[in-house]
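Colleague: Quick one: this structure, given as structure tokens, is what I'll be asking you about.
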Ligand code: 5GP
Ligand code: MG
């Protein structure tokens, strides 16, 4: 979970990167950063916090140049310190490099131990720093060759933008775990995690950076190198289910339409006789719309979301039960009283917030509550960048659907089947990474890392 952006050939590249990051804010709220270059001199700024708080006009004016890379971080590896904020900057010889990475490497800890043995000094606890060290080591063979070599060593998920003094480079792992799109902006280029970043700056979506591809953008235009052949694709299906913005195209497809198809499939699998369909907003909205349309049931907003709940929210001094959940979603008694409802949400992770929300709509007067989840039970942790807890905390890893239904105090609980999910995906099974549902990991995970994350929470 992170968002990246790269801009080449715009006189205010940092400002474009800022707008892009603003549109990608949902991909990470911990820190934000932009590094810009005029081809000779490189300037950088990064801090903990939201994009709009980290940057202002004055700061952006201190980031001149026609090339920029930016990053919003949601920490999945490394701790929350400004040191771990990206883009990660290093100077090697006379060149400055700035790298922004989305995804998790699965062999970073092994590579890091190896590099440290050889004398490398690390400044951060991020897996992304390993990539920079490997690049620097191979740089005498030329930048593209160095990236190729690095891509053959690192394993796992990476969608990367790299500023190298007077060039912008984008590269992506051969499985295509995380999205990365290429667009055109007034004759220049823009690369971003999601196309919603293009829309805001009125850039044109061209295509995705291909899995295993290196894209070099400089004053000669665009050059493509296929660095690693792809054996199979492994697009993260959870990007479609939950993470990406519905107005984006990822992996060449619109997220909203995909989520609606999840709702259609739910309706194929589970017919209900209820007064209406409602989502837990916002993540459940699109599958709920799809379900209601297919099932021919009315659609209502039975709970209202407060959009202004920030991270630094002050908690009440006396204990108010479930305060942090209630402050985000509030039931509408007028709509719920005496009604049989079908609640649609995108996923269940721990089950704790859902339990509180379900109690709240029951207290508001709903008398029959059926819940539909637009993905199968999440049973396995993610090693490629989605922030799922360890196996012990995933409710579906240890409990049957019937046990979860009882825990959530529901009248009915239905999860979309894997088959239904794949039908909505309109592709063969090999197109997606489904590891969180099936435990089949497309890229083998090293034992040490595995043990750590598989460890049961006590
Ligand atoms: P639970 O009931 O499992 O505690 O929470 C389920 C809710 O968490 C769903 O509404 C879903 O949209 C949301 N969710 C799913 N994955 C994530 C995630 O990675 N981070 C956050 N913050 N919420 C998530
Ligand atoms: Mg949600």
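Colleague: Binned at 10 Å from 0, what are the whole-percent values of the Cα-Cα distance distribution for segment 1-131, short to long?
Modeller: Calculated over all Cα pairs of segment 1-131, the distribution is 14, 44, 32, 10, 0 percent.
Colleague: Something else about it: Per the Debye formula with a single identical scatterer at each Cα and no solvent contribution, what log10 I(q)/I(0) holds for the chain at q = 0.06, 0.08, 0.11, 0.12 Å⁻¹?
Modeller: -0.27, -0.48, -0.89, -1.03
Colleague: Compute the relative contact order of the chain as a whole-number percentage, counting only Cα pairs closer than 8 Å that sit 6 or more residues apart in sequence. Each step should come with its number before you reach the end.
Modeller: On the way: 1087 pairs, mean separation 57.6, N = 458.
The normalised contact order for the chain reaches 13 percent.
Colleague: Using the Cα atoms as the points, what is the convex hull volume per residue of segment 137-187 in Å³?
Modeller: Details: hull volume 4.7 nm³, N = 51.
It is 93 Å³ per residue.
Colleague: Calculate, in nm to one decimal, what residue 318 and residue 118 gain on full extension: separation in residues at 0.36 nm each, minus their alpha carbon distance.
Modeller: On the way: separation 200, 0.36 × 200 = 72.00 nm, distance 5.44 nm.
Length difference between fully extended and current span is 66.6 nm.
Colleague: Would you mind ranking 194, 213, 116, 269 by Cβ crowding within 10 Å, fewest neighbours first?
Modeller: Taking fewest neighbouring Cβ atoms as first place, the list is 116, 269, 213, 194.
Colleague: By the gyration tensor of its Cα atoms, with a ≥ b ≥ c the square roots of the eigenvalues, what is the shape of segment 256-457: rounded for a/c under 1.5, prolate for a/b over b/c, or oblate?
Modeller: Details: a/c = 1.92, a/b = 1.22, b/c = 1.57.
Verdict is oblate for segment 256-457.
Colleague: Okay, moving on. Distance between the C-alpha centers of segment 167-193 and segment 203-265? Whole Å please.
Modeller: A separation of 9 Å, based on Cα centres.
Colleague: Sorted by mean Cβ packing within 10 Å, highest first, what order do the peptides 104-110, 257-263, 38-44 take?
Modeller: On the way: 104-110: 21.0, 257-263: 23.1, 38-44: 15.4.
In decreasing order of mean packing, 104-110, 257-263, 38-44 become 257-263, 104-110, 38-44.
Colleague: Cβ neighbours within 10 Å, averaged per peptide: list 292-301, 82-91 in order, most packed at the top. Display every interim value, and only then the final one.
Modeller: On the way: 292-301: 16.3, 82-91: 19.6.
Peptide ranking by packing, descending: 82-91, 292-301.
Colleague: While we're looking at this one, here's another question. Using a 7 Å offset from the Cα along the Cα-to-Cβ direction at both residue 231 and residue 308, what is the distance between the two label points in nm, to one decimal?
Modeller: Inter-label distance under the simple model: 5.2 nm.
Colleague: Going by how many other beta carbons lie within 10 Å of each one, how would you line up 177, 55, fewest first? Let's see the in-between values first.
Modeller: Numbers: 177 29, 55 25.
Lowest to highest Cβ neighbour count: 55, 177.
Colleague: Would you order 46, 140 from fewest to most other beta-carbon atoms within 10 Å of each residue's own beta-carbon?
Modeller: Working: 46 24, 140 9.
In increasing order of surrounding Cβ atoms, one gets 140, 46.
Colleague: Output the peptides 166-172, 31-37 sorted from most to least packed, where packing is the average of other Cβ atoms within 10 Å over each peptide's residues.
Modeller: Values: 166-172: 24.6, 31-37: 28.1.
Taking the mean over residues of other Cβ atoms within 10 Å, the ranking is 31-37, 166-172.
Colleague: Among rounded, prolate and oblate, which fits segment 167-281 when a ≥ b ≥ c are the square roots of the eigenvalues of its C-alpha gyration tensor, a/c under 1.5 means rounded, and a/b larger than b/c means prolate? Intermediate values should be presented prior to the final figure.
Modeller: Details: a/c = 4.05, a/b = 1.95, b/c = 2.08.
Note, shape of segment 167-281 comes out oblate.
Colleague: Next up: Once Rh for segment 77-229 is found with the Kirkwood sum over Cα pairs, what is the Stokes-Einstein diffusion coefficient at 10 °C and 1.306 mPa s, in µm²/s?
Modeller: Working: Rh = 15.9 Å.
It diffuses with D of about 100 µm²/s by this estimate.
Colleague: I'd like the distance separating the alpha-carbon centroids of segment 410-429 and segment 10-34, in whole Å.
Modeller: Spelled out, the Cα-based centre of one part sits 34 Å from the other.
Only the coordinates and a few stated rules stand behind these numbers; no lab work does. Here the structure is a predicted model, which means the values were calculated and not measured. For neighbour counting, all protein chains shown are included, and Cβ atoms are generated from backbone atoms with ideal geometry for every residue, glycine included.
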